[in-house]
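Values quoted throughout were computed directly from the atomic coordinates according to the rules given, and no laboratory measurement underlies them. Not measured: the values here are computed from a predicted model. Reconstructed Cβ throughout: ideal geometry from the backbone, glycine too, with neighbour counts over all protein chains shown.
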Amino acid sequence: MNRCMVWLGVIAWGLAGCARHNLQRDTIYCAATIHSLIEGLFDGEVTCGELRRHGDIGLGTVDGLDGELIVLDGVCYHAKSDGTVERVPDSVRTPYALVTPFEADVTASFTEEMDYDQLKARLDQICSNPNLPYAFRIEGKFPYVKARSVPRQAEPYPRLIEVIRRQIEFEFQDVEGVLVGFRLPAYFDSLGVPGWHLHFLASDRSGGGHLVAFRARSIRAEADLSPNVFVALPQSEKFARTDFSVRKQDEVDFIMGRAKKK
């Protein structure tokens, strides 16, 4: 029995090594799934060091749902519940994150004033394939940004929707910064958040969080078409016992600020 377990471990390690070796640009690496987060599985299994081996830009959260995770230029940042930001060591774990090795396929600049909805509409026209995922790096000058974060949760963990009902929002005035994130197709609803999902990081790395709204004076947007996906699923007992058979799109919409909970 022990011998079989050893051989299985070697095989699993070899397959994981091959998968890691084959990852390349245009590949999104998913650490867990958005539905594991929705169901309150907040214990991290993937380290930030591992994330950085799979991508240099992305977003997610930190172990215990402790605020927002922002990955930019190969560095992991933690946006805390007060909107301040600190650099994250490689040993910190994440229960959910998406990263990709970013290399722009599309670049666009906008000098007119616009808000979040207007920017999404413009980029939807440029990135015209709705059935493939895109990663974004968007730099700009922002007269106003509203972002959010949440404090670290304690066990027994609540479901994500209960945490978001008590989320903390904060505002930034006259700030330069970067928006990073993804636009995912509708069929990604089992892995990530369909549609737009961006996090904000101030250029001086003093503040950030999950993007809620903004006004911008000047924007330079880069988009990376990423048609390949690698998913690292959790192997915890909690994940094994969780029922994912019922989709909860209404909760996803509420969590992302797209709809009010009825």
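Between the exposed loop cleavage positions of the chain, defined as GluC sites (Glu not before Pro) in a non-H, G, I, E, B DSSP state with at most 12 neighbouring beta-carbon atoms within 10 angstrom, the longest gap is 114-262.
Counting only alpha carbon atoms, the long axis of helix 2-22 and the longest principal axis of the chain meet at about 30°.
Ordering PHE110, PHE230, PHE136 by the number of other Cβ atoms within 10 Å of each residue's own Cβ, fewest first, gives PHE230, PHE110, PHE136.
When only DSSP loop residues count, what trypsin sites (Lys or Arg not before Pro) in the range 123-158 have their Cβ near at most 15 other Cβ atoms within 10 Å?
On the way: sites: ARG137, LYS141, LYS146, ARG148, ARG152; in loops: ARG152.
Here the sparse-neighbourhood loop sites are ARG152.
DSSP finds beta bridges in the chain, and of those with both partners inside it, around 90 percent are antiparallel. In the chain, taking the dipole from charged Cβ atoms about the Cα centre, the farthest positive-side position among VAL163, GLY67, MET256 is held by VAL163. For the range 202-207, backbone phi angles converted through the Karplus equation (6.51, -1.76, 1.60; θ = phi - 60°) give residue-by-residue couplings of 5, 4, 8, 6, 8, x Hz, Gly and Pro being listed as x. Computed extension gain for ALA186 through ASP105, at 0.36 nm per residue and net of the alpha carbon distance, reaches 27.0 nm. The mean of 1/r over all distinct Cα pairs in the range 24-255, once inverted, gives the Kirkwood hydrodynamic radius of 17.5 Å.
Within 9 Å, Cβ to Cβ, of PHE214, how many net charges do the neighbouring residues add up to if Lys/Arg are +1 and Asp/Glu are -1?
Values: positive: LYS146, ARG215; negative: ASP115.
Charge balance in the 9 Å sphere: +1.
Please report the spacing between the Cα centers of the range 68-120 and the range 163-224 in Å, no decimals. Computed from Cα coordinates, the inter-centre distance equals 7 Å. Modelled label positions at SER91 and ASP174, each set 7 Å beyond Cα in the direction of Cβ, lie 4.2 nm from each other.
Listed by Cβ neighbour count within 10 Å, with the fewest neighbours leading, ASP224, ASP189, ASP90 appear as ASP90, ASP189, ASP224.
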